[in-house]
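The values are calculated or read from the model by the stated rules, or taken from the named source; none is laboratory data. As the structure is a prediction and not an experimental result, all values here were calculated from the model. Every residue, glycine as well, gets a Cβ built from its backbone with ideal geometry; the counts of neighbours run over all protein chains shown.
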Amino acid sequence: MTEPVRAVAADAAETGSDPPATPTIRIRPHSGLAPLRLCEVWEYRELLYFLAWRTIKVRYKQTLLGAAWAILQPVFAMVVFSLIFGRLVGMASDGIPYPLFVYAGLLPWQLFAQSVAESANSLVNNEHLLTKVYFPRFVIPASTILVSLLDFTVAGAVLAGLMGYYGIAPAGAVWAVPLLVLQAVGTALGVGLWLAALNVRYRDIRHVVPFLIQGWLFLTPIVYPSSLVPRGWHLALALNPMTGVVEGFRWALLGTKPELGGALGLSAIITLVVLVSGVLCFRRMERTFADLL
Amino acid sequence: MSDIAVRVAGLGKRYRLGSRSVGGTAYEAIAAAVRAPLRCFSRTPPPEYIWALKNVTFELRRGEVLGIIGRNGAGKSTLLKVLSRITEPTEGAVDLYGRVSSLLEVGTGFHPELTGRENIFLNGAILGMRRGEIAKKFDEIVAFSEVERFLDTPVKHYSSGMYLRLAFAVAAHLESEIVIADEVLAVGDAAFQKKCLGKVGEVAKAGRTAVLVSHNMGLMHALAQRCLYLRRGEVAAHGEPREVIEQYLSETINPQDANRPTLEGYRRGPSADSPVAITGVWCGEQSRGVQRVAMGAPIAMGVALRVLKELHGANLTITLKNAQGERVVVLFSWDREFSLFLPPGDHVITVRIENLVLAPGRYFADVGVNRSTRSTAYDVIVDFPVFRVDNEGHVIHWLERPWGAVHCPTVTWQTTP
């Protein structure tokens, strides 16, 4: 939509008096792919932070339990899954106590699922901002991910508690956790950007997201170990980027041997594809948001 | 180094009409995609487009204030949206030289659950201020908004006046070289409105460039160095505010103009169960449109009412305003012990105003029917153009004098020794 001239913009902001000879902001119609302007997103990082801060602040003002919800959600899921799959079904769990096994999978999953769900609806929910003020639209879905990351950190404390309870020390590969978080966030952002942009045009997306997330949950080895899946299906399983994240989490923290091994590289590549295509799609559709909302 | 602040060239914005462009469901999109290869056989009609802006060109020098006027739907808001990068133009180019802040509404992003203090920071960030900048101006903002005592109260508990004052205060302290503002000026009560206008005047005097949209011609007159009159998306006039406003007013008033608005565009009511509707407002004879009145001559006004349910003593008010929006005459029929007791049907009420000598110019009427001054009116017509006062020999010297006062009575001059 616009191509701000960086150096000049900074210059004008500093001197504040003489207008520059070249335009600070050029507005031209665009067709096809728009430039990414990542540095502009960087300039608006404070807004990103403020939007995330608003979400958290408002959430805790309106709820009784506040921060506890970040823990209750995955813990509740863990209890339900432990009862049904751990006790009733007697699911194998690679030699790890089932509650710990499932929680280690649910933790990154929750980060992913919450990020996707929130960012998919973020543009529609912030319609009043999009139609009244200019800023890189990317900031809005991105801010929802910041919020999910905070919840993830809180819920992570429970995992530490569980590991302590079962007397399992973190495996040697703990260093890989940030990378895996990055992969989960990258995938969530890619999917979220796709859904958020499509949601502006087709409001059906809002109803599709819960199904999508629920289906995806069971396609990811969270309640079951990937070792249960027949070998022939492993490649298909690795196509799911979240498989890599969940398997990686258990490997890095609990020391399980990743069943899929090299195939996980594939899931990293898929993450990249999803993320890049999501950003491109978002940028392409971005300029029509205000007209469609 | 040029001193141009805003350059707009051949700007056009096209919207597509019809349901497909706005929203549409995924099913429709899929269905359309399936049908696409067959489309050449089915001869679907080409999509209809509407140009909200067409070929808009202007330049604004540094420090100039441009007022944009035009009727509702003339493209004023679209132009502001394009200038503030909310929506992309279909054609043409805009160059902005300097930091831009756009205020299409006050209080964008305000959250009712957050306190005044928190909302100042949030709103500031949304409007593009840095955190340090907001912190630096925080005290100034609070002082301007006059809500010090409630800073730590969630804004959902604010009165609407306090809310608007706080919102305007944040917006008013934006630092930018170019300001783009829609009719957000002048909010709150009269005292605060004055403060707001003062702030806007300050912006203009401080050498900042501004693009303003307002329906308040008096304000435009006072603030703008230049005016742009938009008519159906195109520039109808551009230049001196006085001339452009004159043209705009004459076009909206002129009965020959096909665009002449009917009473409907001016109606603020009636409510669904209202017992009466105003069906006509005129000066002189009905159906003659805007009348010319000689300065000092009596003014006869007529109001047609369609009564649906019998009226038991309603009040008819007529307020006359000049082109600057200033009230000149406020008439209450009750003041003359004249209450409306009317059976269902069509009725015409007339009033004759004597001894009123108005300055030359255009006059507009607010007409309302109500049952008490406190309750909501049954029906209200606002700013309806009714007559034009011409100086026909009443004033004979220096005809282009700055009129200032609106009342020019006939007086007797005398010298005593």
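What to note about this one:
- Leading residue by the ranking (nearest to B:Leu114 (Cα to Cα)) among those in the stretch B:130-161 that are in contact with a helix residue (DSSP H, G or I) (Cβ under 8 Å, 6 or more places away or on another chain) and outside any helix (DSSP H, G or I): B:Pro154
- Residue match in the stretch A:211-225 (condition: touching a residue at least 24 places away in the same chain (Cβ under 8 Å), within 14 Å of chain B (Cβ to nearest Cβ) and in contact with a Lys or Arg (Cβ under 9 Å, 6 or more places away or on another chain)): no
- Selected residue [over 25 Å from A:Val174 (Cβ atoms), among the aliphatic types (A, V, I, L, M) and within 15 Å of the chain's Cα centre (by Cα)] from A:Val229, A:Val245, A:Val274: A:Val274
- Scanning the stretch A:276-287 for residues that are among the β-branched types (Val, Ile, Thr) and over 16 Å from A:Ser122 (Cα atoms) gives a single hit, A:Val276.
- Restricting attention to the stretch B:71-116, the residues that are among the small types (Gly, Ala, Ser) and at negative phi total 7.
- Some residue of the stretch B:251-274 being under 24 Å from the mean Cα position of the chain (by Cα), at pLDDT 70 or above and of a type in the set (S, T, N, Q): no
- Residue in the stretch A:180-205 that is surrounded by the most Cβ atoms within 10 Å (Cβ to Cβ), counting only those that are more than 11 Å from every other protein chain (Cβ to nearest Cβ) and over 18 Å from A:Ile269 (Cα atoms): A:Ala196
- Odd one out for B:Ser214 among (1) modelled with pLDDT of 75 or more; (2) more than 15 Å from the chain's Cα centre (by Cα); (3) not hydrophobic (A, V, I, L, M, F, W, C): (2)
- Residue ID - nearest to B:Glu234 (Cα to Cα), chosen from residues in the stretch B:59-74 that are of a type outside the set (A, V, I, L, M) and within 14 Å of chain A (Cβ to nearest Cβ): B:Glu59
- Identity of the residue in the stretch B:98-109, among the aliphatic types (A, V, I, L, M) and part of a strand (DSSP E or B), that ends up surrounded by the most Cβ atoms within 10 Å (Cβ to Cβ): B:Leu103
- Any chance B:Arg292 is of a type in the set (Lys, Arg) and at pLDDT below 85: yes
- Hey, B:Ala169 part of a helix (DSSP H, G or I) and buried (at least 20 other Cβ atoms within 10 Å of the Cβ) or not: yes
- Taking the criterion of being of a type in the set (Gly, Ala, Ser), part of a strand (DSSP E or B) and without any contact (Cβ under 8 Å) to a residue 60 or more places away in the chain, the residues of the stretch B:314-367 that qualify are B:Gly345, B:Gly361.
- One residue stands out in the stretch A:277-293 among those that are among the small types (Gly, Ala, Ser) and away from every other protein chain (no Cβ under 14 Å): the one that is surrounded by the fewest Cβ atoms within 10 Å (Cβ to Cβ), namely A:Ser277.
- Filter result (at the interface with another protein chain (Cβ under 7 Å from one of its Cβ atoms) and within 16 Å of A:Val58 (Cβ to Cβ)) within the stretch B:122-132: B:Leu122, B:Ala125, B:Ile126
- Residues being in contact with a helix residue (DSSP H, G or I) (Cβ under 6 Å, 6 or more places away or on another chain) and in a helix (DSSP H, G or I) - total across the stretch A:211-225: 1
- Looking only at the stretch B:109-121, residues that are at the interface with chain A (Cβ under 7 Å from one of its Cβ atoms) and touching a residue at least 24 places away in the same chain (Cβ under 8 Å) come to 3 in all.
- Residue count, the stretch A:164-197 (criterion: touching a Cys at 6+ places or on another chain (Cβ under 8 Å) and aliphatic (A, V, I, L, M)): 2
- Those residues of the stretch B:81-97 which are buried (at least 21 other Cβ atoms within 10 Å of the Cβ) and either more than 7 Å from chain A (Cβ to nearest Cβ) or assigned to a helix (DSSP H, G or I) (or both), in sequence order: B:Lys81, B:Val82, B:Leu83
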